[in-house]
Amino acid sequence: MSSYFNIGKFVAVHGLKGELLLQHELGKKTSLKGLQAIFIEDKKESFLPWFIESVVVKSEKEILMKLERIDTREAAMKFNQKKVWFLEQDFKKFSSKTAPSGLLGYTIIDHQKALGEILELIEQPQQLLCRIEMNKQEVLIPLHEETLKKIDHKKRQVHVQLPDGLLGIYL
């Protein structure tokens, strides 16, 4: 099974020819040169490929994207606010090593115990929340200066020291 990584979402329709404004968390300005397709989650865990016709870099976090067969403003509207996903190899190719999204797929370790793989990152002003699954329950792990102990990029691990009782809230 392929791994998909959320890199951002379409935040607006631009113009009349079906262009979409993609706000991304790749951590660097990129034209996505060579990227053939993006994926949109159609139903839970069901990703549909959409082929890219053109890309225009707007800023460090924004790209204007035109998808094949989406030629009107109305057709593009159905993509507004939809999350955009990359295949793992594309994500690794286009994301900055220092981007928070680079932690997707890493394992959270608390007191030498593996808690789960980071499935999603939610950026907030004071912290980063890592969404993992434990015992089929969604758990949000805060990353900030008090909880984050170290990031081991070689082993793809994020070591934390969580406050007592935090996991009990979820489980």
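Counting the residues of region 62-87 that are in contact (Cβ under 8 Å) with a residue 60 or more places away in the chain and either surrounded by 14 or more Cβ atoms within 10 Å (Cβ to Cβ) or out of contact with any Phe, Trp or Tyr (no Cβ under 8 Å at 6 or more places or on another chain) (or both) gives 10.
Within region 116-134, restricting attention to residues that are part of a strand (DSSP E or B) and modelled with pLDDT of 90 or more, the residue that is farthest from the chain's Cα centre (by Cα) is Met134. Restricting region 35-61 to residues that are assigned to a loop (DSSP other than H, G, I, E, B) and touching a residue at least 12 places away in the same chain (Cβ under 8 Å) leaves a set whose member that is surrounded by the fewest Cβ atoms within 10 Å (Cβ to Cβ) is Ser59.
Report, ordered by the first and then the second residue, all pairs with beta carbons closer than 6 Å, sequence separation of six or more or different chains, a first member in region 7-23 that is not assigned by TED's automatic domain parsing to the domain that holds Leu119, and a second member that is outside any strand (DSSP E or B) and among the β-branched types (Val, Ile, Thr). The qualifying pairs are Gly18/Ile70; Gly18/Thr72.
For region 135-150, residues that are touching a strand residue (DSSP E or B) at 6+ places or on another chain (Cβ under 9 Å), surrounded by fewer than 15 Cβ atoms within 10 Å (Cβ to Cβ) and part of a strand (DSSP E or B) total 4. For Cys130, the conditions (1) buried (at least 16 other Cβ atoms within 10 Å of the Cβ); (2) touching a Cys at 6+ places or on another chain (Cβ under 8 Å); (3) not β-branched (Val, Ile, Thr) all hold with the exception of (2).
The values are calculated or read from the model by the stated rules, or taken from the named source; none is laboratory data. Being a predicted model, the structure only gives us computed values, none of them experimental. Neighbour counts run over all protein chains shown; Cβ positions are idealised from the backbone, glycine included.
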